[in-house]
Amino acid sequence: MIKYLTRRVLFMLLSLLLIVTATFFFMRLAPGNPFTSEKQLPPAIEANLNEHYGLNDPWYVQYGEYLLRIVQWDFGPSFKYKSQTVNDLINEGFPVSLVLGMEAIFIALAVGVLLGIIAALKHNKWQDYTAMIIAVLGISVPSFIMAAFLQYVFAMKLGLFPVARWGTFSQSVLPAIALAAGPTAFIARLTRSSMLEVLSNDYIKTAKAKGLSQTTITVKHAIRNAILPVVSYMGPLSAGIVTGSFVIEKIFGIPGLGSHFVKSIGNRDYTVIMGVTVFYSIILLVSVLLVDILYGLIDPRIKLAGGKKGE
Amino acid sequence: MKKRMLVLLTLVLALSAFLAACGNGDSGSSEEAKQDLRLNIRSEPFSLNPGLANDSTSSNVLLQTFEGLTRIDKDGEPEEAMAESFDVSEDQLTYTFKIREDANWSNGDPVTAEDFVYAWKWALDPANQSQYAYQLYYVKGAEEANTGEGKLDDVGVKAVDEKTLEVTLNNPTPYFTQLTAFYTYFPVNSKIAQENPDWYKDAGDDYVTNGPFKMTEWNHSESIKLEKNETYWDADAVKLATVEYSMIDDAGTARSMYENDELDWNGLPFDTVSTDAIKALKDSGELKTQATAGTYWYKFNTEVEPLNNVHIRKALTYAIDRKSIVEQITQGGQIPATAAVPPTMFPENEEGYFKDNDVEAAKAELQKGLDELGLKDASELPTITLSYNTDEAHAKIAQAIQDMWKSNLGIDVTLGNEEWAVYIDKLHSGDYQIGRMGWLGDFNDAINFLELYRDKEGGNNDTNWENPEFKQLLIDSQKETDTAKRQQMLKDAEAILMDELPIAPIYFYTNVWVQKDNLKDVVISGLGDAQLKWAYFE
């Protein structure tokens, strides 16, 4: 296990290095720089700014310095927001996106798996069709439409929740639902198809023949195997949701990390772009690692160390 | 199994509805109007240090928390603010300001002349990289200090004594007292700023201000809260108790919040009204508009064929139907522009220098241009590209104008758009032919608009056009002490600009917004910024 983990971590570091390098070069390719503005800066001032932020140094110097900084977990100052460093932006934005993300994941898992199981158990009956129609709607309706719809119905017409902003529990309900819509639908479909596949296996027939109740069969035997595809989906999904969705955060005015991903590119805020990309990559790599380990726990047939099957 | 699951699910839903109701039950309404204003400024401000700010978002907050030597009043004229009086020397180069005795910072410290000296020199110090420092260049020695060619000690601002500030200018600048109301000229508490150079990065004990409001909370990227500043010298005139700014970027959401009574204002200068809502609001009479000092224009790259020919430029400029554009596309009560300087500065520019949609004159100019270029027909002209930064409104206007030029003149123009930073980069480097741009005035004087085109290499020119007579008029106007003569010089300069047309003006900007009916006395200046000092709810 230790050997496995060590190897995985090494690969993660390698991936991280590649991601950082690629991002560094791609973002410099875009025309414009952090100080491009309508009222063009006097050249002396711009030269000063470039000097201060080290933008005049040759690319390998900038690259090297940046790598050194990242290792010390210092992402530097933001060009666009003078009062904050990139670390500040991440420290403030991430907890918000995390809480929202966890709520959304909770809803997506609970409702999605539930719908999927019901659909599979009642295969080809009305419960199946209803669940799948809901699933298709959830996947197809774009998140901003879902968000606007929820705002209109539940906030403006029914007055149950506020339209936007963040801070109280009731402010988090609508955005969490909007964020969870797509993943819920996808999880429902995944669960359904893998449940159907599992339910057709011989050992389920044996369990039925042994006289076990439907509940026991489903909960104790079927779900564990059916859930595997959902678990692999959860890896990248959590990483994505937890670091914030730009659209949902924009529409509900939530100060999470998601908006920084997109805005920093428009702002050519190099340090923020690099910072959030590195941060997101780390979270993604860690989630994928966790998912792989979870696999081994759920299904003992899967050997993590892999390869030596007959040992 | 199914029943148990259903029961569990119902319980969970019921629980969340209960909790939601709990969270929402605190909207107690009282009979007397609450003096709490809720606004939306769309995003985190660039900086809340008046010496660093360079954007309207920051300005919206700073104008309420700080105060300069002067303040622009309800009629657009500068009135005494931190300065209770001032004297101007005969040659109009030296201003002596007397600072009020009862002018205090929100922590009780008195506002001193040294606070101004410190703040201005801090903004001019190249190490602080203030992008708006050039606003201070009217002061003697400022430009030299800022570009590193001179010393900060030689800047013409001095604290004669604790309450007397002496400023020496480079040229007689009749609009100087307008400038001192601008945020780059605001003071900061020099004692605190020297002890804690990071004082402006967060709200707290060190973030002290001298204006009608003080900042009590700053949740980055989320909200800012202001409260009435009891130590403000004119605190009796301030009626609002609190101001809360949220930072909602989405215009649709801001609109919903306004309709759901979660915001008291939707629109400029704080945020924007989404374009699809404008027509309905105008029809219902709710929409408010006010002309601001801003011009939307197309710049011609005068070094590129065929735009180097003045007749072609005239043809293109005269053939635009501005009235249709402002009535059908922008729909915000904008004024068609046939001049460069907005009517808030030159009222006669509502009429302008030429007729709008003058297709006859355009065709005549086109013919002259073709003759000069030795071409027989418009289809022989080299391709012209019209560029703009990606935006729905700019796209619609460009398409309309492309169509006007095709049908009126037979000239084919291709459209191109890029993301803002890419676009502005291309413009500044001359990599364009016709480009869309706008200019919003920083202070209420025509030179603000005319000096853009004074030097070919000027940072905001982009047209590669220069005219020695135009240049000389502007330079001379800086030294002219007689107001009437100076205005005439500026008008003459504008006449040259409108004759050679390196730009095609399209319309003058307006502020468009909606506000709650019982909100009164929010003063919006001709430049489009808002002051909340006198605002209240009826």
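The values are calculated or read from the model by the stated rules, or taken from the named source; none is laboratory data. Every value quoted in this text rests on a predicted model; they were computed, and no experiment measured them. No Cβ is skipped: glycine too gets one built from the backbone with ideal geometry, and neighbour counts run over all protein chains shown.
So here's what we get for this one:
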read-out: Residue match in region A:139-158 (condition: closer than 21 Å to A:Gly258 by Cα, more than 12 Å from chain B (Cβ to nearest Cβ) and not in a helix (DSSP H, G or I)); value: yes
read-out: Subset tally (residues that are acidic (Asp, Glu), in contact (Cβ under 8 Å) with a residue 40 or more places away in the chain and crowded, with 16+ Cβ neighbours inside 10 Å) for region B:72-102; value: 1
read-out: All positions within region A:167-177 that are at pLDDT below 90 and either more than 9 Å from every other protein chain (Cβ to nearest Cβ) or within 15 Å of A:Lys250 (Cα to Cα) (or both); value: none
read-out: Conditions (1) without any contact (Cβ under 8 Å) to a residue 24 or more places away in the chain; (2) in a loop (DSSP other than H, G, I, E, B); (3) surrounded by 14 or more Cβ atoms within 10 Å (Cβ to Cβ); number of the one not met by A:Arg69; value: (2)
read-out: Selection count where residues are facing chain A (nearest Cβ under 10 Å) and either free of Cβ contacts under 8 Å to residues at least 24 places away in the same chain or not in a loop (DSSP other than H, G, I, E, B) (or both), scope region B:31-44; value: 1
read-out: Some residue of region B:366-373 being surrounded by fewer than 17 Cβ atoms within 10 Å (Cβ to Cβ) and either in a loop (DSSP other than H, G, I, E, B) or among the β-branched types (Val, Ile, Thr) (or both); value: no
read-out: Filtered residues of region B:49-65 (kept if part of a loop (DSSP other than H, G, I, E, B), surrounded by fewer than 24 Cβ atoms within 10 Å (Cβ to Cβ) and in contact (Cβ under 8 Å) with a residue 12 or more places away in the chain); value: B:Leu52, B:Asn54
read-out: Any strands (runs of 3 or more DSSP E) falling wholly within region B:230-305 and containing at least 3 residues that are in contact with a Gly (Cβ under 6 Å, 6 or more places away or on another chain); value: B:288-300
read-out: Some residue of region A:53-60 being within 11 Å of another protein chain (Cβ to nearest Cβ), farther than 22 Å from A:Leu284 by Cβ and either modelled with pLDDT under 85 or in contact with a Pro (Cβ under 7 Å, 6 or more places away or on another chain) (or both); value: yes
read-out: Residue selected from region A:82-113 under the condition crowded, with 19+ Cβ neighbours inside 10 Å and free of Cβ contacts under 8 Å to residues at least 60 places away in the same chain, by the criterion nearest to A:Gln127 (Cα to Cα); value: A:Gln84
read-out: Qualifying residue in region A:261-274 (condition: within 29 Å of A:Ala148 (Cα to Cα), in a helix (DSSP H, G or I) and over 22 Å from the mean Cα position of the chain (by Cα)); value: yes
read-out: Sole exception among (1) surrounded by fewer than 21 Cβ atoms within 10 Å (Cβ to Cβ); (2) closer than 30 Å to B:Ser223 by Cα; (3) polar (S, T, N, Q) for A:Gln151, by number; value: (1)
read-out: Residues that are of a type outside the set (Val, Ile, Thr), within 12 Å of chain A (Cβ to nearest Cβ) and either in a helix (DSSP H, G or I) or touching a strand residue (DSSP E or B) at 6+ places or on another chain (Cβ under 8 Å) (or both), drawn from region B:143-155; value: B:Glu143, B:Glu144, B:Ala145, B:Asn146
read-out: Inter-residue pairs, beta-carbon under 7 Å, first aliphatic (A, V, I, L, M) and in region B:188-204, second part of a loop (DSSP other than H, G, I, E, B) and surrounded by fewer than 19 Cβ atoms within 10 Å (Cβ to Cβ), 6+ apart; value: B:Ile192/B:Asp206
read-out: Enumeration of residues in region B:224-274 that are among the hydrophobic types (A, V, I, L, M, F, W, C), in contact (Cβ under 8 Å) with a residue 24 or more places away in the chain and surrounded by fewer than 17 Cβ atoms within 10 Å (Cβ to Cβ); value: B:Ala237, B:Ala241
read-out: Selection within region A:199-222 - surrounded by fewer than 13 Cβ atoms within 10 Å (Cβ to Cβ), more than 14 Å from chain B (Cβ to nearest Cβ) and not in a helix (DSSP H, G or I); value: A:Ser200, A:Gly211
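Listed here are the residues, each with its yes/no results for (1) at pLDDT below 90; (2) assigned to a helix (DSSP H, G or I); (3) more than 10 Å from every other protein chain (Cβ to nearest Cβ).
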position	(1), (2), (3)
A:Glu65	yes, yes, yes
A:Tyr81	yes, no, no
A:Ala104	no, yes, yes
A:Ala110	no, yes, no
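Conditions tested, residue by residue: (1) touching a Lys or Arg at 6+ places or on another chain (Cβ under 9 Å); (2) buried (at least 22 other Cβ atoms within 10 Å of the Cβ).
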residue	(1), (2)
A:Ile248	no, yes
A:Gly258	yes, yes
A:Ile265	no, no
A:Ser287	no, no
